[in-house]
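The values are calculated or read from the model by the stated rules, or taken from the named source; none is laboratory data. From a predicted model like this one, the values you see are computed outputs, not experimental measurements. Cβ atoms come from the backbone with ideal geometry, glycine included; neighbour counts cover every protein chain shown. Ligands, DNA and RNA are stripped out before the accessible areas are found, and what is left, the full protein with its side chains, is counted by its heavy atoms. Shrake-Rupley method; radii C 1.70, N 1.55, O 1.52, S 1.80 Å.
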Amino acid sequence: PVRGRAIVASRQQGLCLLCHSAPIAEERFQGDLAPNLAGVGARATAAQLRARMVDSRRLNPDSIMPAYFRSTELTRVGASWQSRTLLDAQQIEDVVAWLVTLK
């Protein structure tokens with residue numbers, strides 16, 4: 001969970017706070033385009049959170065959330081990101097581990 005929180009808070013890695021707000025008081029300028037992450041562990045299971053992170057468009061085709069663990073069938077991907085995922089499998093699990101603590 002500690003590593004997951006750091007990924008969510010990171011402006012270079014997860015970039016989650018560009019769209020979401022979260023109970024991370026020291027991080028200013030949190031987003032309001034997507035649901036607040038406070039209490040998400042009470043609203044969704046680990047499997048549901050993981051599915052949303054891996055590729056939210058499989059659940060909601062209109063989602064603006066990036067696919068954090070998909071590297072194919074993407075559009076407008078920079079050359080340095082071709083065939084790469086935004087987060088690796090361990091990072092996804094770390095973020096999920098933190099999110100489920102938010103009850």
Could you tell me how many degrees, from 0 to 90 and to the nearest 10, lie between the Cα long axis of helix 46-55 and the main elongation axis, the longest principal axis, of the Cα atoms of the chain?
40 degrees
Reported label for calculated percent of Cα pairs over 21 Å apart given (1) 26; (2) 49; (3) 30
(3)
Rg/Rh for the stretch 1-60 to two decimals, with Rh computed the Kirkwood way over all alpha-carbon pairs.
0.94
Taking the chain as a Gaussian network, Cα atoms linked when under 10 Å apart, which of 15, 74, 87 shows the biggest mean-square fluctuation?
74
Packing-based ranking, highest mean first, of 44-57, 89-102 given that Cβ atoms within 10 Å are counted:
89-102, 44-57
Taking 0.36 nm per residue of separation between residue 79 and residue 48 and subtracting their Cα-Cα distance, the length gained on full extension comes to 8.1 nm
Show that you can apply the helix-only estimate: for the chain, add -39,500 (n - 2.57) for every DSSP H stretch of four or more residues, divide by all residues, and state [θ] at 222 nm to the nearest 500.
-8500 deg cm²/dmol
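Summarise the accessible area of the chain (1.4 Å probe, protein heavy atoms) by the percent that is carbon and sulfur. Kindly include the intermediate steps, with their values, before the conclusion.
Working: 3660 of 6590 Å².
Its accessible area is 56 percent carbon and sulfur atoms.
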Amide N of the stretch 1-36 lying under 20 Å from the label point, which is placed 7 angstrom from the Cα of residue 90 along Cα→Cβ
1-15
